[in-house]
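Quick notes on the structure that follows.
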Amino acid sequence: MKLPAGRLAAALLAAAGPAVAESRVAGVPFAPGEELVYQVTVLGARAGQARIDLGAARDVDGVSAWPIIVRTWSTGSLGRLFPVRDRFVSWWNPATRLAVQSRLDALEKGESRRLRIRFRRYPGGAALAEVESEDRHGSKRLVSTIDAKAQDVVAAVFWLRCQTLRPGERFSVPVFTGKKSWRLGADVVGVATLETPLGAFPCVHLKLRTSFEGNLTSLSDLDAWFSADARHLPVRLDASLLLGRLQAELIRVEE
């Protein structure tokens with residue numbers, strides 16, 4: 001039987017259930033369906049792309065959470081020298097603005113590794129992280145005590161997007177990577193209009209202090225620009241890393 005268009009739409013909405021009902025949350029300036037694509041350059045040469053997709057709500061460890069899916073891949077000469085195909089998912093609770101679970105599946109230079117973190121938060125402020133990892137050296141499981149407000153890196157960025165980000169404001173976000181805990185510092189230092197492939201973007205300028213290791217070790221504070229509107233889209237990131245000067249710039253937005 002063929003349903004009229006109106007009844008078909010209603011049926012689809014009913015079937016979607018909680019995912020549709022929770023597509024908008026008060027105080028959160030973004031919603032499922034958002035897609036952001038970035039061009040990544042290293043030392044001024046195109047090196048790859050990154051894509052961030054915000055998915056519909058699902059039940060994760062008994063909590064309604066949105067999947068923030070980040071895919072990165074290398075291209076060009078860097079892709080041949082250092083092939084990268086990474087997928088990171090942060091399950092993020094929009095009600096508490098905290099990470100519930102995160103998972104990394106990485107393929108870099110022909111070697112794969114996996115990481116899964118479950119954030120366990122308890123009444124009274126206690127919190128633990130259950131970590132499962134796997135690489136060429138084998139599998140490991142561990143449990144770490146963490147800050148009650150700890151995030152993964154992606155969840156920390158989306159938490160920042162929910163803040164007012166006025167010049168002069170300073171933020172500090174506890175981050176747990178699966179191996180270590182550190183604090184992401186964010187200082188809003190000014191405003192600027194950036195020229196991008198998408199046109200001119202009025203932005204707020206942030207200085208970010210991180211504690212990454214390996215090739216992602218930062219030689220100085222990172223410069224990040226978020227759109228000055230309510231969405232606070234991450235528009236550009238500039239970083240001086242051990243592997244060279246890296247820039248990620250927004251080239252496509254879908255909402």
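Some values worked out for this structure:
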read-out: Where labels lie 7 Å past Cα in the beta-carbon direction, separation of Lys180 and Ala56 in nm; value: 4.1 nm
read-out: Carbon and sulfur %, accessible surface of segment 19-133 computed with the full protein complex present, 1.4 Å; value: 54 percent
read-out: Gained length - Leu107 relative to Ser172, 0.36 nm times residue gap less alpha-carbon distance; value: 20.3 nm
read-out: For Arg97, distant residues with modelled amide H under 5 Å away; value: none
read-out: Cα-based Rg / Dmax (Å) for segment 26-99; value: 15.3, 45
read-out: Per-residue HN-Hα couplings for segment 106-111 [Karplus 6.51, -1.76, 1.60; θ = phi - 60°; Hz; x = Gly/Pro]; value: 10, 10, 10, 6, x, 10
read-out: Relative pair counts by distance (%), Cα atoms of segment 72-169, 10 Å bins; value: 14, 34, 30, 18, 3, 0
read-out: Simple Cβ-charge dipole of the chain, Lys/Arg +1 and Asp/Glu -1, about Cα centre, in debye nearest 20; value: 460 debye
read-out: The chain: C-alpha gyration tensor shape, a/c 1.5 cut-off, then a/b vs b/c; value: rounded
read-out: Solvent-accessible area per residue for the chain (1.4 angstrom probe, square angstrom); value: 53 Å²
read-out: For segment 26-42, 3J(HN,Hα) per residue [Karplus equation, 6.51 cos²θ - 1.76 cosθ + 1.60, θ = phi - 60°, Hz, x = Gly/Pro]; value: 4, x, 9, x, 9, 7, x, x, 5, 9, 10, 10, 10, 8, 10, 10, 10
read-out: Amide hydrogen neighbours beyond the local backbone of His205, cut-off 5 Å, H modeled; value: Val189, Gly190, Val191, Ala192
read-out: Residues with amide H under 5 Å from that of Leu184, placed H, sequence gap 5 or more; value: Val173, Val175
read-out: Gyration tensor verdict on segment 136-195 (Cα atoms; rounded if a/c is under 1.5, prolate if a/b is larger than b/c, oblate otherwise); value: prolate
read-out: Gaussian network model of the chain, Cα within-10 Å springs - most flexible of Leu233, Leu81, Leu98; value: Leu81
read-out: Between segment 60-126 and segment 131-165, the alpha-carbon center distance in angstrom; value: 8 Å
read-out: Dipole magnitude of segment 113-211, debye to nearest 20 (Cβ charges: Lys/Arg +1, Asp/Glu -1, about Cα centre); value: 380 debye
read-out: In Hz, Karplus ³J(HN,Hα) per residue of segment 155-165 (6.51, -1.76, 1.60; θ = phi - 60°; x = Gly, Pro); value: 4, 5, 5, 5, 4, 4, 4, 7, 8, 6, 6
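The values are calculated or read from the model by the stated rules, or taken from the named source; none is laboratory data. Because the structure is a prediction, the values reported are computed rather than measured. Methodologically, a virtual Cβ is constructed for each residue, glycine included, from the backbone with ideal geometry; neighbour enumeration extends over all protein chains shown. Just so you know, the surface numbers come from the protein's heavy atoms only, side chains and all, with ligands and any DNA or RNA stripped out. Shrake-Rupley method; radii C 1.70, N 1.55, O 1.52, S 1.80 Å.
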